[in-house]
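Student: Sharing a structure here in structure tokens format.
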Amino acid sequence: MISRIWHGYTTPANADAYETLLREEIFIWIAGKNIPGYHGIQLYRREMGEEIEFITLMWFNSLDDVRQFAGEDYEVAVVLPQAQALLKRYDARSQHYEVRVDLKA
């Protein structure tokens, strides 16, 4: 299992609109791509004073499945224009980790 991790930051004024965009459009768009080996996405949000940090974790079976989502240069962040308009800054590249242990209560 591969975990794809990405960070984006908004102003407090744009945070709710950005989260709504993710939930109501972007996550639906990703799921609609029907990527083999895609197992979903998680969203984390944290207030950091004058910025709001968002982290997304996506789950894939393999790096080949990640490439079907992001392209051959699979570390390049996939940030749609409507998201860019609400973000203050964001990672240009995503990080990928092999999941070695996944214990759930």
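We did not get these values from a lab; they are worked out from the coordinates using the rules stated. Model, not experiment: these values are computed from the prediction. Counting neighbours? That spans all protein chains shown, and the Cβs are built from the backbone with ideal geometry, glycine included.
Student: Which GluC sites (Glu not before Pro) in the stretch 30-90 sit in a loop by DSSP (not H, G, I, E or B) and have at most 16 other Cβ atoms within 10 Å of their own Cβ?
Tutor: Loop-located and lightly packed - GLU50, GLU72, GLU75.
Student: Could you state the number of Å between the C-alpha centres of the stretch 65-105 and the stretch 20-39?
Tutor: One Cα centre to the other: 12 Å.
Student: Related question: Which is the longest stretch in the chain that no exposed loop site breaks, taking sites as trypsin sites (Lys or Arg not before Pro) with a DSSP loop state and at most 16 other Cβ atoms within 10 Å? Can you show the working numbers first?
Tutor: On the way: sites that count: LYS33, LYS88, ARG100, LYS104.
Of all site-free stretches, the longest is 34-87.
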